[in-house]
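Take a look at the structure set out below.
The values are calculated or read from the model by the stated rules, or taken from the named source; none is laboratory data. None of these values were measured; they are calculated from a predicted model. As a convention, Cβ positions derive from the backbone with ideal geometry for all residues, glycine included, and neighbour counts pool all protein chains shown. Accessible surface is based on the protein model in full, side chains and every heavy atom, while ligands, DNA and RNA are left aside. Shrake-Rupley method; radii C 1.70, N 1.55, O 1.52, S 1.80 Å.
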Amino acid sequence: MLASKNSKFSLTSSLSADSKISTLSKDSVQCDKYKIKYRKIKRLVKELIFENAALSDQIALLQEKTLLLIEERNYLFKKLQQYQPISEPEIYRNSTPLIINDSRKALSKKKSEKVMVDSSNIPEASKAAKTHKKPPSIRKKKIVKSIPLDTCGKPIFPIVLGDFTVHSLGEVCEKPDYHTEDLIYPVGYCSTRIYGSLKDPEKQCVYTCKVMDGGQAPRFEIVADTDLDVPLVSTSIDQCHSMLLSLINTCLGTEVVNTKGRGADFFGLSHPTIHHLIQASPGVRKCKGYIWTKFEVNPNYEYVADDTEASLSYNALLRSISFSKSHLESMIKHEQNVEYGEDNVSALNILLS
């Protein structure tokens, strides 16, 4: 009996142990499945995160490219405007279709017949006035050299062009006195030029030229780095330059330089490169009295500055000063020789008498 009981107990214990092992093995298999699923989900999440980061970087790069393309488009549009200044009626005329129907042709014939009939009643003077129209003002193209630009298509300052340097182009003002038919005087324009000093014209000096807002008319200013407290100010750019030349002559004690002002050349506003950049600035279309100039960009073109004009070039000023000094010395020697000859003649006359 005891043996049978023991055998039953051992069977039940073995069965319970097997059932526990089976449940544990099932749990472990389920845990492994969940672990595998978790790893897969984790891997997918990482891939999605990396893909999202890459897409966001690509979107940022595309946005930068679009901004650059917009800036480039605006710059090219401005350049196209300065090459092809088209008025509204011309745009309308060019936009009309070339194919005309027969009915439109008939209407145009009727209109032409009416015009022919009406023209017989027009006096000859009005006919002559209509036939003899003034030809449009034609200007030659100016060749300019390309200058370095930044990523937005704007010029990099300072712009060095021979004897003068441009530090700022300023802003175009649409008021009538801030431009002429040939030039524009932007407010805030600033340039520097090397020229003879007011204290000693034989020594070079740096002059700062500015265009400032003077209300209805611009105000032009020239300041020497040796006389910062004494600026030369005028409402006329030529008069401002003429004041500088007059002070140079008074310092030398003789008229070495022609005092006729060439302010636009001294400031650098008439230089083809600067003129081209100012014309491409925003707001020029509102300047009603200004006539557009055509420019042609040539990277191999070298602008030759006028080194013979003493009112603009420092080297030409030195040459004119040395020439005037040598001329004065020769005149003094000639006068001395004449006086010495007159003294000798007078002495001989005394001896003969």
Practice task
Quick one: in the stretch 202-220, of everything that is surrounded by 16 or more Cβ atoms within 10 Å (Cβ to Cβ) and at pLDDT 95 or above, which residue is nearest to L252 (Cα to Cα)?
Solution key: Y207
Completion exercise
Only one of (1) closer than 21 Å to L318 by Cα; (2) in contact with a Lys or Arg (Cβ under 8 Å, 6 or more places away or on another chain) does not apply to K142, and that is (1)
Problem - From R285, R319, residue being under 20 Å from the mean Cα position of the chain (by Cα) and not in a loop (DSSP other than H, G, I, E, B) - result: R285
Completion exercise
Of those in the stretch 247-260 that are in contact with a helix residue (DSSP H, G or I) (Cβ under 9 Å, 6 or more places away or on another chain) and either open to solvent by 20 Å² or more (accessible area, probe 1.4 Å) or assigned to a helix (DSSP H, G or I) (or both), the residue farthest from L161 (Cα to Cα) is T254
Exercise for the section: Pull up the stretch 296-316, narrow it to residues that are closer than 29 Å to C240 by Cα and not in a loop (DSSP other than H, G, I, E, B), then point me to the one that is least open to solvent (accessible area, probe 1.4 Å). Expected result: A316
Practice task
For residues that are open to solvent by less than 100 Å² (accessible area, probe 1.4 Å) and either in contact with a Ser or Thr (Cβ under 7 Å, 6 or more places away or on another chain) or of a type in the set (D, E, K, R) (or both), scanning just the stretch 20-35, find the one that is modelled with the lowest pLDDT.
Solution key: D27
Practice task
State which residue pairs qualify: first residue under 26 Å from I194 (Cβ atoms) and inside the stretch 153-179, second residue open to solvent by 70 Å² or more (accessible area, probe 1.4 Å) and part of a loop (DSSP other than H, G, I, E, B) in any location, beta carbons under 6 Å apart, and separation of 6 or more residues or different chains.
Solution key: I156/P148; T165/P158; H167/F157; H167/P158
Handout entry: the stretch 215-226, residues that are under 18 Å from F267 (Cβ atoms) and touching a strand residue (DSSP E or B) at 6+ places or on another chain (Cβ under 9 Å)
Key = P218, R219, F220, E221, I222, V223, A224, D225
Practice task
Kindly provide the set of residues from the stretch 179-206 that are among the hydroxyl-bearing types (S, T, Y) and closer than 30 Å to W292 by Cβ, ordered by number.
Solution key: T180, Y185, Y189, S191, T192
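Each row is one residue, and each column tells you yes or no for (1) under 24 Å from K175 (Cβ atoms); (2) modelled with pLDDT under 90.
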{"residue": "C240", "(1), (2)": "yes, no"}
{"residue": "L247", "(1), (2)": "no, no"}
{"residue": "N258", "(1), (2)": "no, no"}
{"residue": "R285", "(1), (2)": "yes, no"}
{"residue": "I291", "(1), (2)": "yes, no"}
{"residue": "H334", "(1), (2)": "no, yes"}
{"residue": "Y340", "(1), (2)": "no, yes"}
Exercise for the section: Filter the stretch 186-201 down to the residues that are part of a loop (DSSP other than H, G, I, E, B) and touching a Leu at 6+ places or on another chain (Cβ under 7 Å), then identify the one that is most open to solvent (accessible area, probe 1.4 Å). Expected result: L198
Practice task
Test Q63 against the criterion of being open to solvent by 90 Å² or more (accessible area, probe 1.4 Å), modelled with pLDDT of 75 or more, under 30 Å from S146 (Cα atoms) and not charged (D, E, K, R), and give yes or no.
Solution key: yes
Exercise for the section: Quick one: S270 ticks every box in (1) open to solvent by less than 10 Å² (accessible area, probe 1.4 Å); (2) on the phi < 0 side of the Ramachandran plot; (3) within 30 Å of the chain's Cα centre (by Cα) except a single one, so which number is it? Expected result: (1)
